[in-house]
1. Just the residues that are among the small types (Gly, Ala, Ser) and either touching a Pro at 6+ places or on another chain (Cβ under 9 Å) or not in a helix (DSSP H, G or I) (or both), please, taken from the stretch 204-219.
2. Does the stretch 85-98 contain at least one residue that is more than 21 Å from His143 (Cα to Cα) and either hydrophobic (A, V, I, L, M, F, W, C) or in contact (Cβ under 8 Å) with a residue 24 or more places away in the chain (or both)?
3. Cβ-Cβ distance below 8 Å, separation of 6 or more or different chains: which pairs start in the stretch 1-29 with a residue that is surrounded by 14 or more Cβ atoms within 10 Å (Cβ to Cβ) and end on one that is of a type in the set (Phe, Trp, Tyr) and part of a strand (DSSP E or B)?
4. Anything in the stretch 209-228 that is in contact (Cβ under 8 Å) with a residue 12 or more places away in the chain, exposed (fewer than 14 other Cβ atoms within 10 Å of the Cβ) and hydrophobic (A, V, I, L, M, F, W, C)? List them, or say none.
5. Select from the stretch 29-57 the residues that are over 30 Å from Pro99 (Cα atoms) and either in a loop (DSSP other than H, G, I, E, B) or modelled with pLDDT under 95 (or both) and list them in ascending order.
6. Can we say Arg219 is under 27 Å from Thr22 (Cα atoms), out of contact with any Phe, Trp or Tyr (no Cβ under 8 Å at 6 or more places or on another chain), among the charged types (D, E, K, R) and at pLDDT below 95?
7. Scan the stretch 99-120 for residues that are touching a residue at least 12 places away in the same chain (Cβ under 8 Å), of a type in the set (Ser, Thr, Tyr) and either surrounded by fewer than 12 Cβ atoms within 10 Å (Cβ to Cβ) or closer than 27 Å to Pro136 by Cα (or both) and jot them down.
8. Looking for whichever is surrounded by fewer than 16 Cβ atoms within 10 Å (Cβ to Cβ), closer than 18 Å to Trp191 by Cα and among the hydroxyl-bearing types (Ser, Thr, Tyr) here; the options are Thr172, Thr168. Which one fits?
Amino acid sequence: MIGFRLLKQNQHEAALTADGVTPLVVLEEKADAVPKPPRTTGLYHFAILVPDRKSLAEALLHLLQTGYPLQGASDHLFSEAIYLADPDGNGIEIYADRPMEKWEKTANGEYKAVTEPLDVNNLLAQAGTEAWSGLPMHTRIGHIHLHVAHIEEAYAFYVQGLGFEPTTRMGTHALFVSAGGYHHHIGLNTWAGVGAPKPPVNAVGLRVFSIVLPNEAEREKVVERLQHVGASVRRSENSILTSDPSGNEIELIIRQ
């Protein structure tokens, strides 16, 4: 449906890829899984970034032809996006960026973020005539958007701890952060309610997401900052894990 390819699979886990090498999403099956309660922290959506507008048009055309229900289609100025959810209710965005020189900034230097209706007909006109063959090879996870309990706690963790730069704030209820001047790699909101609790441990949803760092030295700098802001850091033989104040789990990994 989405167009990933199966990279590897065992009895309870499947890793999905676009290029046949890099795992982008790992699905885990839980026998005792329950629906994620509303108004809890956790995943709002993960966002699949396709390489160009033509790829987004072809993904949209494919979804329309299958009849799978879409939840929305938006123009955010810096990107165009379509929204849906998987059968467990996990939010998914598929999007394409506009060229960076077209991203608009406000007077205070933040990226201008709007949600306007997507010009679907104009987008679909970019689709080719070839048969759908899945997500393009250079597809990647462009960002993740999370429900959190408190924005200021999230700011301290993601900006002062992990080291992201704030790029956009929406009042007191949403914050967007990134590295390298991108519009956002992580979105954070309190739309599930200020002070929202964590979901049950067996609820469907996000178990962990990965932040990829260039080398071990940079990872240790992040660990030091996290410890400075009082965040938990858990080391194992092959990974370093932390969690934000709202219980969202994060793995710090090294680029291969």
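The values are calculated or read from the model by the stated rules, or taken from the named source; none is laboratory data. On a predicted model such as this, the values are computed, not experimentally measured, just so you know. Quick reminder, even Gly has a Cβ in these numbers, built from the backbone with ideal geometry, and neighbours come from all protein chains shown.
1. Of everything in the stretch 204-219, those that are among the small types (Gly, Ala, Ser) and either touching a Pro at 6+ places or on another chain (Cβ under 9 Å) or not in a helix (DSSP H, G or I) (or both) turn out to be Gly205, Ser210.
2. Taking every residue of the stretch 85-98 in turn, none turns out to be more than 21 Å from His143 (Cα to Cα) and either hydrophobic (A, V, I, L, M, F, W, C) or in contact (Cβ under 8 Å) with a residue 24 or more places away in the chain (or both).
3. Filtered contacts from the stretch 1-29: Val25/Phe46.
4. Val212
5. The answer is Glu29, Lys30, Ala31, Asp32, Ala33, Pro35, Lys36, Pro37, Pro38, Arg39, Thr40, Thr41.
6. In short, no.
7. Hit for the stretch 99-120 is Thr115, nothing else.
8. Sole residue among the options that is surrounded by fewer than 16 Cβ atoms within 10 Å (Cβ to Cβ), closer than 18 Å to Trp191 by Cα and among the hydroxyl-bearing types (Ser, Thr, Tyr): Thr172.
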